[in-house]
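Each value in this text was obtained by applying a stated rule to the coordinates, not by laboratory testing. Source: prediction; values computed, not measured. For neighbour counting, all protein chains shown are included, and Cβ atoms are generated from backbone atoms with ideal geometry for every residue, glycine included.
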Amino acid sequence: MTTTISPLIAGNWKMNCLRGLLDELTALAGMLTTGEAPRAIVVICPPATILSEVAQLGAIAGIQAGGQDCHAQAHGAHTGDISAGMLADAGAQYVIVGHSERRADHGEIDAQVLAKAEAAIGAGLKPIVCVGETEAQRDSGEAETVVAAQLAASVPDAAGQHEVIVAYEPIWAIGTGRTPTVQDITHMHAAIRQQLTARFAEKGLTMRILYGGSLKPQNARKILAVENVNGGLVGGASLLAKDFYTIISSV
Ligand code: PGA
């Protein structure tokens, strides 16, 4: 992990969690306030229905809240959608954009992800822009090319002046219990860093690059220690306070 960048661990609760899961958040807050001070910024991205509760409950323990997606427009006739400003109004400071599940379930393309990231910045949020290859793309040796293209087309120019976070999430590692080797993560994160510095110069050196995809208590220490891995985006293992706390403590 690059020492000059403070690491960030974000939990992506996806479409899980009724209000009952707030007990896990209370438990996590307890662990974070009684244990050793975490070395990472901790963010939870719950479903929008409980975002404001998460923002309020988490604040006690320094846990920040984020959305899982936002619309590219600030307001208007878009039934069922949520704008970045609404997330901010509910207490969010971050928002995930371009998650592979959004790209797959809703056919989101890079141009939309870019527009969402710009909308997030406009609303004062820090977008977490997700990129990652499929298993077939990795097998055919295209992983770095695919990720480079996504990065070029989804990360806004405004990242030069605002905080934008990149999350590298190989699609085949999400929810499968499989992860790339440390060597593969090292290569991909170095390539992403190189691309960010080529585009944003000094700023590119300080942008966080998170790893996501089956990050678990068992592998967190190893993966989070990789150079240019500045934290993680955690799905399944963020639902249990104990597991998520172990990951946070692995930084
Ligand atoms: P996972 O999900 O940790 O359950 O693999 C990660 C993600 O989709 O952000």
**Item:** q = 0.17, 0.20 Å⁻¹, region 1-153: log10 I(q)/I(0) [Debye, one scatterer per Cα]
**Value:** -1.03, -1.25
**Prompt:** What percent does the relative contact order of region 128-251 come to when contacts are Cα pairs within less than 8 Å and at least six residues apart?
**Reply:** 24
**Message:** Only Cα pairs within less than 10 Å get springs; with that Gaussian network setup on the chain, which residue of Glu202, Glu144, Glu118 has the largest fluctuation?
**Reply:** Glu202
**Request:** Can you tell me which of 203-213, 150-160 comes out highest on packing, and rank the rest after it, using the mean Cβ neighbours within 10 Å?
**Result:** 203-213, 150-160
**Inter-label distance, nm, simple model (7 Å from Cα along the C-beta direction), Asp139/Asn219** = 1.8
**Request:** Could you calculate the contour length gain from Thr206 to Thr33, that is, 0.36 nm times the residue separation minus the distance between their Cα atoms, to one decimal place in nm?
**Result:** 59.5 nm
**Fill in**
Residue by residue through region 152-165, the couplings from Karplus 6.51 cos²θ - 1.76 cosθ + 1.60 with θ = phi - 60°, in Hz, x for Gly and Pro, are 4, 8, 10, 8, x, 4, 4, 4, x, 10, 10, 7, 10, 10
**Asked** Considering amide H positions built from the backbone, and no H for Pro or chain starts, which residues 5 or more places from Asp69, or on another chain, come under 5 Å of its amide H?
**Response** Ile96
**Request:** Could you pull out every one of the lysines with an alpha carbon less than 21 Å from that of Lys126, ignoring same-chain neighbours closer than 8 positions?
**Result:** Lys14, Lys116, Lys203
**Prompt:** Of all the C-alpha pairs in region 170-217, what % are more than 18 Å from each other?
**Reply:** 38
**Message:** One quarter of the convex hull surface, Cα atoms only: what value does that give for region 138-222 in nm²?
**Reply:** 5.8
**Cα-centred dipole magnitude for the chain, charges only on beta-carbon of K, R (+1) and D, E (-1), debye, nearest 20** = 520
**Request:** Go through region 67-73 residue by residue and turn each phi into a ³J(HN,Hα) via Karplus (6.51, -1.76, 1.60, θ = phi - 60°); whole Hz please, and just put x for glycine and proline.
**Result:** x, 9, 5, 8, 7, 6, 8
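Can you put Thr134, Thr179, Thr4 in order, fewest other beta carbons within 10 Å first?
Working: Thr134 16, Thr179 20, Thr4 8.
Listed from fewest to most nearby Cβ atoms, that is Thr4, Thr134, Thr179.
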**Request:** Sort 72-84, 215-227 for me by packing, meaning the mean count of neighbouring Cβ atoms within 10 Å per residue, highest on top.
**Result:** 215-227, 72-84
